[in-house]
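Asks: Sharing a structure, written as structure tokens. Questions coming.
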Amino acid sequence: MKVAFISRATLYTSPGGDTKQLDLTARNLRKLGVEVDVYLCYEQIDYTKYDLLHFFNIIRPADVISHIKQSKKPYVVSTIFVEYGTVKQQIGMAQRILKMVFSDDGLEYIKAIARAVKNGEKIVSKDYLRMGHKAAIKYVAGNAAMLLPNSESEYRRFERKYNIPRPYRVVPNGINTDCAGKQYPTSEKYKDAILCMGRIEARKNQLNLIRALNGSQYQLYIHGKPSPNAMAYFEQCKAEAGPNIHIEGHLDDEELFTAYSNARVHVLPSYFETTGLSSLEAAVMGCNIVVTDLGDTRDYFKDDAWYCNPDSPESIKAAIDKAYTAPYDEDFRRRILSEYTWERAAEETLSAYKQVLKV
């Protein structure tokens, strides 16, 4: 079986959870005997080489439609269905007017055009401009052989919003067991620290986390790259960060898991998460977890995390205080290693492929 993975143009220049999901799913599918090639959406593809196409990010249909029409191949979609309507951010008057006038789908349409103009992210599928964002998403989903959400909650949200029930199979996100099974050195830098790993942007809400911990007894390390459209937000985070707040770059796996294994708490006070991969990774390495329940996080973390209100620095601080003093629960680690690994994600993905191809 040979499969083409196709994703956004900035998959590696602005890495996020979808980057890790794609790469580690591909790696583990190859171990199961599937041939996987990875393409960015603007690259030329010889579709005749593949049995199946696998797209990532249903909210970026402009990257997808032309491939669907040209290939005439069956395809599946890892939906990674983020809803940006709940995201709070510092916005100017023009943006406030846009939010009052346009729906969430209308705003996503404008954002796609803005990415093309400002960041040079070519709109691969010109049909997208004619169809609009909502119709384009319904086209992509409606013609998919199967949707692959990361949780039951994610699929239900998608079905409610677009009223387009489709065959689906839940493929849970996971942790890298190769990294999680290793011993990492002691690090004075990260010992008993608070961590926040993730792309720096309004959705991840690092600014309210900074406000929550400025001047506190904690050392907070924020690691990640700013999104291309979040540079003003990134600068505001740096401007407001006190001496105990450290905003640093993206870490490779060795550095990342060293940090996790030495820290006390990992915080992801996002306005929306389909999973929160960094929370899973930190949890399996011994961190207590602070998250919000906006999105699908409760499907993963259940009662094993401390939940906070992302709008309230006081709520974020209170949740961190509780998580910091609580003992770590080894049952949580065992549950992650049982239910949420990239090996399992690959097995579920391969089962979906076989169902679609009837093999």
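Asks: Whose amide H sits under 5 Å from the amide H of Ile247, counting only residues 5 or more places off or on another chain, with H placed in the peptide plane?
Replies: So Ile247 has HN proximity to Ile222.
Asks: Can I ask one more? Treating the beta-carbon of each Lys and Arg as +1 and of each Asp and Glu as -1, no other charges, what is the dipole magnitude of the chain about its Cα centre, to the nearest 20 debye?
Replies: The calculation lands at about 1280 debye.
Asks: Each residue of the range 284-294 in turn: what ³J(HN,Hα) in whole Hz from Karplus with 6.51, -1.76, 1.60 and θ = phi - 60°, glycine and Pro shown as x?
Replies: My calculation for the range 284-294 gives 5, 8, x, 7, 6, 10, 10, 9, 10, 9, 8 Hz in order.
Asks: Follow-up question, since we're still on this one. Can you give the log10 of the normalised intensity I(q)/I(0) at q = 0.07 Å⁻¹, computed with Debye over equal Cα scatterers of the chain?
Replies: At q = 0.07 Å⁻¹ the computed log10 ratios are -0.30.
Asks: With point charges of +1 on the Cβ of Lys and Arg and -1 on the Cβ of Asp and Glu, referenced to the Cα centre of the chain, which listed residue (Ala283, Ala318, Leu29) lies farthest in the positive direction of the dipole?
Replies: So the residue we want is Leu29.
Asks: Something else: Which residues among the range 238-271 fall inside the zone where the amide N is under 13 Å from a point 7 Å beyond the Cα of Lys191, along Cα→Cβ?
Replies: Once the point is set 7 Å along Cα→Cβ of Lys191, 262-264 turn out to lie under 13 Å by backbone N, inside the range 238-271.
Asks: Give me the one-decimal Kirkwood hydrodynamic radius in Å for the range 261-355, with the sum taken over alpha-carbon pairs.
Replies: Computed over the range 261-355, the radius equals 14.0 Å.
Asks: How big is the C-alpha Rg of the range 134-270 next to the rule-of-thumb value 2.2 N^0.38 Å, as a ratio?
Replies: So the Cα radius of gyration is 1.33 times the expected 2.2 N^0.38 Å.
Asks: Residues with amide H under 5 Å of Thr341's amide H, sequence separation 5 or more or different chain, H placed in the peptide plane at 1.01 Å from N; which?
Replies: Answer set, sorted by chain and number: Ile175.
Asks: Any idea how far the Cα center of the range 221-238 sits from the one of the range 1-38, in Å?
Replies: 26 Å
Asks: Could you work out the mean projected area of the convex hull around the alpha carbons of the range 178-339, in square nanometres to one decimal?
Replies: For the range 178-339, the mean projected area of the Cα convex hull comes to 8.8 nm².
Asks: Now for a separate question. If you fit an axis through the alpha-carbon atoms of helix 253-262 and take the longest principal axis of the Cα set of the chain, what angle between them do you get, 0 to 90°, nearest 10?
Replies: Roughly 40 degrees, rounded to the nearest 10.
Asks: Report the Cα centroid-to-centroid distance between the range 288-347 and the range 43-65 in angstrom, as an integer.
Replies: Centre-to-centre distance over Cα atoms comes out at 33 Å.
Asks: Counting alpha carbon pairs within less than 8 Å and at least 6 residues apart, what relative contact order, in whole percent, applies to the chain?
Replies: It comes to 18 percent, rounded to a whole number.
Asks: A further question follows. Which of Ser151, Ala114, Tyr190 sits farthest toward the positive end of the charge dipole of the range 112-195, with +1 on the Cβ of Lys and Arg and -1 on the Cβ of Asp and Glu?
Replies: Ala114
Asks: Still on this model: Per-residue HN-Hα couplings for the range 33-46, Karplus 6.51 cos²θ - 1.76 cosθ + 1.60 at θ = phi - 60°, whole Hz, x for Gly and Pro?
Replies: x, 8, 7, 10, 10, 10, 10, 7, 4, 8, 7, 6, 10, 8
Asks: If each DSSP helix of 4+ residues adds -39,500 (n - 2.57) and the sum is divided by the residues in the chain, what number results at 222 nm, nearest 500 deg cm²/dmol?
Replies: Calculated mean residue ellipticity at 222 nm is -13000 deg cm²/dmol.
Asks: Angle check, please: helix 313-325 long axis (alpha carbons) against the longest principal axis of the chain (alpha carbons), in degrees 0 to 90, nearest 10.
Replies: 70 degrees
Asks: Convert each backbone phi in the range 67-79 into a coupling constant with the Karplus relation 6.51 cos²θ - 1.76 cosθ + 1.60 (shift: θ = phi - 60°), then list the ³J(HN,Hα) values in order as whole Hz, x for Gly and Pro.
Replies: Calculated HN-Hα couplings, in order: 5, 4, 5, 6, 7, 6, 9, x, 8, 10, 10, 6, 5 Hz.
Asks: Residues with amide H under 5 Å of Cys287's amide H, sequence separation 5 or more or different chain, H placed in the peptide plane at 1.01 Å from N; which?
Replies: For Cys287, whose amide H was placed from the backbone, there are no distant partners under 5 Å.
Asks: Modelling each spin label as a point 7 Å along the Cα-to-Cβ direction, I'd like the Gln217/Lys238 distance in nm, to one decimal.
Replies: 3.2 nm
A short reminder: the numbers here are calculations on the coordinates, not readings from a lab. Worth saying up front: this structure is predicted, and the values here are computed from it rather than measured. Cβ: placed from backbone, ideal geometry, glycine included. Neighbour counts: every protein chain shown.
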